[in-house]
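Written below as structure tokens is the structure these notes are about.
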Amino acid sequence: MNQKGFIAIHEGDDLIRQLLERWLGEAGHSVRPVAGESPRLVIADIPSPRGAQSRIEALRAVYAAPILGLSGRFRRGLAGSADAARRFGVKKVLPKPFTRKELLSAVDQALEGTE
């Protein structure tokens, strides 16, 4: 495992998951869990803001790591705010579609203070 630790990805869309894995890998992050270790970050698709709470609670039951929420249902203005992240109980939210630069910036922000 590299010095940046690994990131767990919970994304149902195979193409988006593969893109996340590629972009994160190119940036030096490992997205393959190592047995007995916890991730430094969880990136999770949130299909609907209405179901966000149950999805996040389920992830928190498994992982003790910050969560970066992704959703096609987030609006750009809403998703960039700290209020939205607080409301959903996650470290950061990112709307789909997103660019590589937006993803890596959101990951860096979500990981701030976890080192």
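The values are calculated or read from the model by the stated rules, or taken from the named source; none is laboratory data. Since this is a predicted model, take the numbers as computed values, not measurements. In this analysis, Cβ positions are derived from the backbone assuming ideal geometry, glycine residues included, and neighbour counts consider all displayed protein chains. To get the accessible areas, we keep the full protein, side chains included, count just its heavy atoms, and leave off ligands, DNA and RNA. Shrake-Rupley method; radii C 1.70, N 1.55, O 1.52, S 1.80 Å.
Annotations
- Test: residue in the stretch 96-105 that is at pLDDT 75 or above, open to solvent by less than 30 Å² (accessible area, probe 1.4 Å) and touching a Gly at 6+ places or on another chain (Cβ under 6 Å): no
- Among residues of the stretch 9-26 that are more than 16 Å from Pro97 (Cβ to Cβ), those with a beta-carbon under 6 Å from a residue that is open to solvent by less than 40 Å² (accessible area, probe 1.4 Å) and assigned to a helix (DSSP H, G or I) at least six positions away or on a different chain give the pairs Ile9/Leu20.
- Identity of the residue in the stretch 53-86, within 14 Å of Glu102 (Cα to Cα) and assigned to a strand (DSSP E or B), that ends up modelled with the highest pLDDT: Leu68
- Of all the numbered requirements in (1) under 13 Å from the mean Cα position of the chain (by Cα); (2) open to solvent by 30 Å² or more (accessible area, probe 1.4 Å); (3) at pLDDT 90 or above; (4) not basic (Lys, Arg), Leu20 misses one, and that requirement is (2).
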